[in-house]
Amino acid sequence: MGIRSRYLWAGLAMALGACVQAPPPSPVSSAVSPGSECRSIAALIAFDFEGAPASPCAVLGERDFAVLVTPEHAPPINPSPWYAFRYESAGDAPVTVTLRYLGGTHRYAPKLIKDGGAASDLPVTISKDGTSATLRLPAGRGTVTAQELVLPGDASADLRRWSALVGTVPFSLGQSHDGRPIEAVRLGRVDAPRLVVLLGRQHPPEVTGAIAMRAFADHLALMFARDPALGQHTQVLIVPQLNPDGVARGHWRANRGAVDLNRDWGEFTQPETRSVKLWLDALPQGVRPVAMIDFHSTARNLFYVQGDEASAAQQRFLASWLTGRENTFAGYDFTIEPRNANPGSGTAKNWFHAVYAIPAYTYEVGDASDRAATRAAAAELAAGLITALDQMAQ
Ligand SMILES: [Zn+2]
């Protein structure tokens, strides 16, 4: 049994006491297999779809289940306890599911999707110490997720939409551990000298960042479609899902290589980060990154930007793009957090700043930020980006 299996089963036993109903772990492979489920005579919960981690579960009663929400590898990591499962039940009575967190506490307000409709918030009772959360699910069938599902197929559809707008084709930068393509699209000409790099979803659960990035890129693609002259001097590389394996497998943080991709910039030990590096290394002569924005999620809306190390030109970019706009978007207040580069920390922000001497920011969206306001602010910020690049060049 691997370290992860031992960890999971010890945790499950700890969390559930003697109630563990699942079969004993196999001595050779992981105890947790994709498509696992727990079933009683009245109901079932299952983890057999993309985005759902293969969580250990237990039947506590006919309509009462427990799910152990665990990271893909042992802590320490930045806890982002992601969960996703579907359920089916007979009769009219609700189903109770208790999420038991191992290595983290309750973070994401559960979303319920019933009958293919839109996701709605689901009432939740959280334990005092935050290590468990109990959900009462309406009878019938539905899907419960920590945040809205934005899966590799959704990113592919986005890329095709942006491509169609500007008349280019999506392409693959490389492959993930599991063999998924690291998909990208370029707005503007291949030889346009100014390159803006947009990265998304290094961290799988950070869906609000993905929501902002989609609206941001939608707006940029429209700008490039309406004004072909823009693409003569500026191009944008959009990589919406740098960690497709983690997204598909419902990881909390890491890729399939058990590495936090946003600590791998510089070392480039992972195929996903390396694919971006190799693409940058092969840029035509005269093309150079001028800005990088990396979309994430955290407790509240903020931008991590360069601190004292920002050059005068970089400060002009910041002043034009973000400064003074912190409270100007309805429902989307944000803060600007200057952080001095910490060489060797391996974040995309620090690597792009250190290597190219450009503004390289982390665009953090609050977990619970209003989605419509997030999208509206992102579109306005996209509109301001080109102006800020012009200011920086002066
Ligand atoms: Zn993140």
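Of all the numbered requirements in (1) buried (at least 23 other Cβ atoms within 10 Å of the Cβ); (2) under 24 Å from the mean Cα position of the chain (by Cα), F317 misses one, and that requirement is (2). For T335, the conditions (1) free of Cβ contacts under 8 Å to residues at least 24 places away in the same chain; (2) in contact with a strand residue (DSSP E or B) (Cβ under 8 Å, 6 or more places away or on another chain) all hold with the exception of (1). The listed residues are A192, A225, A157, A133, and the only one of them that is more than 21 Å from A368 (Cα to Cα), of a type in the set (G, A, S) and out of contact with any helix residue (DSSP H, G or I) (no Cβ under 8 Å at 6 or more places or on another chain) turns out to be A157. Report, by residue number, each residue of region 205-222 that is within 16 Å of the ligand (Cβ to nearest atom) and either of a type in the set (A, V, I, L, M) or farther than 21 Å from A368 by Cβ (or both). Of everything in region 205-222, those that are within 16 Å of the ligand (Cβ to nearest atom) and either of a type in the set (A, V, I, L, M) or farther than 21 Å from A368 by Cβ (or both) turn out to be V207, A210, I211, A212, M213. Do we find that T134 is β-branched (V, I, T), touching a residue at least 40 places away in the same chain (Cβ under 8 Å) and out of contact with any Leu (no Cβ under 7 Å at 6 or more places or on another chain) in this structure? Criteria not met by T134.
Scanning region 103-131 for residues that are closer than 16 Å to T143 by Cβ and touching a residue at least 40 places away in the same chain (Cβ under 8 Å) gives Y108, A109. With respect to being closer than 19 Å to K111 by Cβ, among the aliphatic types (A, V, I, L, M) and without any contact (Cβ under 8 Å) to a residue 60 or more places away in the chain, V67 fits the description. Of the listed requirements (1) loosely packed, with under 15 Cβ neighbours inside 10 Å; (2) at pLDDT 95 or above, K111 misses just one: (1).
All told, A254 meets the bar of being of a type in the set (G, A, S), within 30 Å of N78 (Cα to Cα), within 16 Å of the ligand (Cβ to nearest atom) and part of a loop (DSSP other than H, G, I, E, B). Of note, L198 does not satisfy the criterion of being within 22 Å of A282 (Cα to Cα) and either hydroxyl-bearing (S, T, Y) or in contact with a helix residue (DSSP H, G or I) (Cβ under 6 Å, 6 or more places away or on another chain) (or both).
Within region 354-376, the residues that satisfy the criterion of being in contact with a Ser or Thr (Cβ under 9 Å, 6 or more places away or on another chain) and part of a helix (DSSP H, G or I) are R371, T374. Within region 279-308, the set of residues being touching a strand residue (DSSP E or B) at 6+ places or on another chain (Cβ under 9 Å), acidic (D, E) and more than 22 Å from P205 (Cα to Cα) comprises just one member, D308.
Condition check for A310 on (1) out of contact with any helix residue (DSSP H, G or I) (no Cβ under 9 Å at 6 or more places or on another chain); (2) under 30 Å from A330 (Cβ atoms); (3) free of Cβ contacts under 8 Å to residues at least 60 places away in the same chain: one failure, at (1). Considering Q202, Q232, which residue is away from the ligand (no atom under 16 Å from the Cβ) and among the polar types (S, T, N, Q)? Checking each option against the conditions leaves just Q232. Within region 175-186, residues that are assigned by TED's automatic domain parsing to the domain that holds G246 sit with their Cβ atoms under 6 Å from residues that are buried (at least 18 other Cβ atoms within 10 Å of the Cβ) and among the polar types (S, T, N, Q), at 6+ positions apart or across chains, in these pairs: I182/S275; V185/S163; R186/T168; R186/Q235.
Answer with yes or no whether F334 is in contact with a Phe, Trp or Tyr (Cβ under 8 Å, 6 or more places away or on another chain) and either crowded, with 17+ Cβ neighbours inside 10 Å or under 14 Å from A377 (Cα atoms) (or both). The answer is yes for F334. Criterion applied to A84, A66 was being more than 16 Å from the ligand (Cβ to nearest atom), outside the structural domain of H203 (by TED's automatic domain parsing), surrounded by 17 or more Cβ atoms within 10 Å (Cβ to Cβ) and over 19 Å from the mean Cα position of the chain (by Cα), and the one residue passing it is A66.
The values are calculated or read from the model by the stated rules, or taken from the named source; none is laboratory data. Since the model is a prediction, treat every value here as computed from it, not as a measurement. Reconstructed Cβ throughout: ideal geometry from the backbone, glycine too, with neighbour counts over all protein chains shown.
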